[in-house]
1. Can you work out the FRET efficiency for the pair B:Phe33 and A:Tyr135, with r the C-beta to C-beta distance and R0 = 51 Å, to the nearest 0.05?
2. Please report, in cubic angstrom per residue, the volume enclosed by the convex hull of the alpha-carbon atoms of the stretch A:10-93.
3. Quick one: Kirkwood hydrodynamic radius for the stretch B:176-330, alpha-carbon pairs, angstrom, one decimal?
4. If you count, for every residue in B:47-56, the Cβ atoms of partner chains within 10 Å of its Cβ, what is the mean?
5. Where in chain A lies the longest segment free of trypsin sites (Lys or Arg not before Pro) that are both loop residues by DSSP (not H, G, I, E, B) and have at most 15 other Cβ atoms within 10 Å?
6. Considering only protein heavy atoms and a 1.4 Å probe, what is the carbon-and-sulfur percentage of the accessible area of the stretch B:176-330?
7. How far apart, in nm, are two points set 7 Å out from the Cα along the Cα-to-Cβ line at B:Val186 and at B:Met311?
8. On average, how many beta carbons from a partner chain sit within 10 Å of the beta carbon of a residue in A:11-18?
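The values are calculated or read from the model by the stated rules, or taken from the named source; none is laboratory data. Worth saying up front: this structure is predicted, and the values here are computed from it rather than measured. When we count neighbours, we look across all protein chains shown, and the Cβ atoms used for this are built from the backbone with ideal geometry, even at glycine. Heads up: the accessible areas ignore ligands, DNA and RNA and are worked out on the full protein's heavy atoms, side chains in. Shrake-Rupley method; radii C 1.70, N 1.55, O 1.52, S 1.80 Å.
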Amino acid sequence: MNEKEYTEYVEKRAKKSPILKNCLFAFLFGGGICTLGQGFFHLYTYLGLEETDARTLVSITLIFIASLLTGLGVFDNIAKIAGAGTLVPITGFSNAVSSQAIDTKSEGYVLGVGAKIFTIAGPVILYGTFTGVIYGVIYYIATLIWG
Amino acid sequence: MKKDIIKLKRTPKITSTYSVVGHLEKEGPLGEFFDEYSHDDKFGKDSWEKAESEMQKRALSGALKKSGFIDTEIDTLLAGDLLNQCVGSNYGLSSFDTGYLGLYGACSTCSEGLLIGSCLYGGGIVNNCAVVTSSHYCSSERQFRFPLEYGGQRTPTAQWTTTGAGAFILSENGRVEISEVMIGKVIDKGIKDISNMGAAMAPAAINTLKRFFLESEHSPDFFDLIVTGDLGYEGSEILKELLLSEGIDIRKNHVDCGLMVFDREGQDVHAGGSGCGCSAVVMASDIVPNLECGILKNVLFLGTGALMSPMSLSQGGSIPAVAHLVRLSSLVK
């Protein structure tokens, strides 16, 4: 059996992740988190905040909750079931940063936490910023042409 | 013709074994047989890496105590783990006044240590030596995968690194003899999925077993058990299926330490245990004691190791693997 045949044989026989179940839970948990965010939004506007401020505060709240649950060691247990449901919203980003911070604490605050905190979230930050710049340039040129 | 099986004229005996495990292993099917465990997986230390070193230290201390030797009577220590530069062993064993050889064979390190130790003894170079290997779920996750609290999902073929250390003392005294060994070859069948290490390692085990049975006077049926290190469910199935297609049937007597150390379904470890602590603690707590009391007579032990690094995988590399074989026989009539 050559490499290609073996790789195909292995892929064919490996038990697959339950995609339908994972999708359903991702939908339910992800939807739940978004609904929770919407609830916070209503709460903040009810308390008299401007809509833009309320939106920012919703993100901050969700980041805080995800970080807190990560610190308490609960987040990964939820994510095991929720999958993309907790990964895709801002909660996944928060967990990627805070879990790395907890892990690297043993190497100190400079060479550990400071240097490695964005190891997982780094690509999102870099390419997110990069995409923002490109979008900005396109937007600038478009406004020059079409006013 | 070149012979691959190394037949030892002067055969070492396993004088004592000692196993130290974490809480999940203690709760597993072999829980009652381990010599020592810690409910706190940090073993009283402030980092996972130091915890792993502590396990090695306790494992060797325990094995020495059982054997009646003191550290200065041991000629050579053969030790290894999964951490970069084998720091688990380097730091854990620095307090012992003994010659030290650090080994890296990934999860095959336990069999590699027993193999080298047996050859050193067999060649008359040492009289007493010790083999210690360990792995720790938390230090391995950090090095090879994601932070511990990272919220991700595992695939069904993923394995769970065993938290544990096993130590073996080899000398002229003992009821279990190592009579033959065979050095594994690095086999790479192009598997790149770090979540399917069993499939990456199975071809190495197949290679070693095929070479062994081609040369050996014994058939697979002669052995009470053929023990693989940590192929897990997926790798074990591949091993048995592909060997059968080559005319070697080990379905009746094959066991895998990765499948023995945990209750795969009940403990949610997916395809089973892994790590160089996995085979070490299973051999030290279950297989060798059963040979010592004569329940088992002849056993083949194959430690299986996946030899990649996170960097080689990031660069698109596949996972090479190796499997070293050690033949153990009971001297109890």
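1. 0.25
2. Roughly 101 Å³ of hull volume per residue.
3. So the Kirkwood estimate lands at 15.6 Å.
4. 1
5. Values: sites that count: A:Lys15, A:Lys16.
After excluding every exposed loop site, the longest remaining stretch is A:17-147.
6. 51 percent
7. Each label point lies 7 Å from its Cα, and together they span 1.5 nm.
8. Mean shielding by partner chains, rounded to a whole number: 5.
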